[in-house]
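Peer 1: I have a structure here, written as structure tokens, and I will follow up with some questions on it.
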Amino acid sequence: MRSKAAAKPYRRHIYQGDPLAAPPPPELMVILDRHRGEPDALITALEEIQAHYGYLPENSLRYTARELGFPLSRVFGVATFYNLFQFTAPGRYIIRVCKGTACHVNHSAEILSHLKERLGIDENETTADGLFTLQTVACVGACSLAPVLVVNDVTYGNMTPAKAWEALAELRGESTDGPSKEEVR
Ligand code: FES
């Protein structure tokens, strides 16, 4: 006969291992190697990591702390203090609505609120399908085309709310003549 103790279900422990047991991925190691022994390089290193991945993956922060010798609390503290840093993967297309003076006086706020409403997201959010991330930006140096919308590396000038939405329809592969666009980079 089995005792009561023997009938107790075992608690399951799933060993997940040390997420940092492996060395950093090579592309991250290249960035970290550039800043070894530089006590003031934390923000620069985080900027470079974000430029590479499009955001700051959590493990990249842990690797940064370990490899560059910063306390983990400092790395997380700096990363969360500056709102330029993102912690989730961006969408395939990053839409930036310019809020600089020239664009502002030409009603860029209306473009922003129209895109928020049509996409169903707020600033710094990504659509559920992972296609679009909506952001704002200060002057992008194309004031003569104000108001301006930048999608990844393409600048769309002389926008209206309707033309901005058309630009995104084009990116979704929907049939449209599309608005005028100007490459500035
Ligand atoms: S203010 Fe928008 S491009 Fe200069």
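Every number in this text was worked out from the coordinates using simple rules, so none of it is lab data. Quick caveat: nothing in here was measured; it's all calculated off a predicted structure.
Peer 1: Convert each backbone phi in region 26-38 into a coupling constant with the Karplus relation 6.51 cos²θ - 1.76 cosθ + 1.60 (shift: θ = phi - 60°), then list the ³J(HN,Hα) values in order as whole Hz, x for Gly and Pro.
Peer 2: For region 26-38, the Karplus-derived couplings read x, 5, 6, 4, 4, 5, 5, 4, 5, 10, 5, x, 10 Hz, x marking Gly and Pro.
Peer 1: Which ³J(HN,Hα) values in Hz, rounded to whole numbers, follow from the phi angles of region 66-80 under the Karplus curve 6.51 cos²θ - 1.76 cosθ + 1.60, where θ = phi - 60° and Gly and Pro get x?
Peer 2: So the J values, rounded to whole Hz, are 5, 6, 9, x, 9, x, 4, 4, 6, 4, 5, x, 5, 5, 8.
Peer 1: Out of all DSSP beta bridges with both ends in region 93-171, state the antiparallel percent to the nearest 5.
Peer 2: Of all bridge pairs located within region 93-171, approximately 55 percent are antiparallel.
Peer 1: Rounded, prolate or oblate: which one fits region 26-81, using the alpha carbon gyration tensor with axes a ≥ b ≥ c (rounded when a/c is under 1.5, else prolate when a/b beats b/c, else oblate)?
Peer 2: rounded
Peer 1: Using alpha-carbon positions, what is the distance between the centroids of region 33-63 and region 118-147, in Å?
Peer 2: A separation of 25 Å, based on Cα centres.
Peer 1: Taking amide hydrogens as modeled 1.01 Å from N in the peptide plane, which residues meet the under 5 Å criterion relative to A146, leaving out close sequence neighbours?
Peer 2: N158
Peer 1: Could you give me the ³J(HN,Hα) list for region 102-113, computed from phi with Karplus coefficients 6.51, -1.76, 1.60 and θ = phi - 60°, whole Hz, x at Gly and Pro?
Peer 2: Couplings: 4, 6, 4, 5, 9, 6, 5, 4, 5, 5, 4, 5 Hz.
Peer 1: Give me, ordered by chain and number, the residues 5 or more places off T136 or on other chains with an amide H under 5 Å from its own placed amide H.
Peer 2: It is V97, N124, by chain and number.
Peer 1: Please list, in chain and number order, the residues 5+ apart from Y93 or on another chain whose amide H is under 5 Å from its amide H, with Hs placed from the backbone.
Peer 2: F132, T133
Peer 1: In nm², what is the average projected area of the convex hull enclosing the Cα atoms of region 114-176?
Peer 2: That works out to 4.4 nm².
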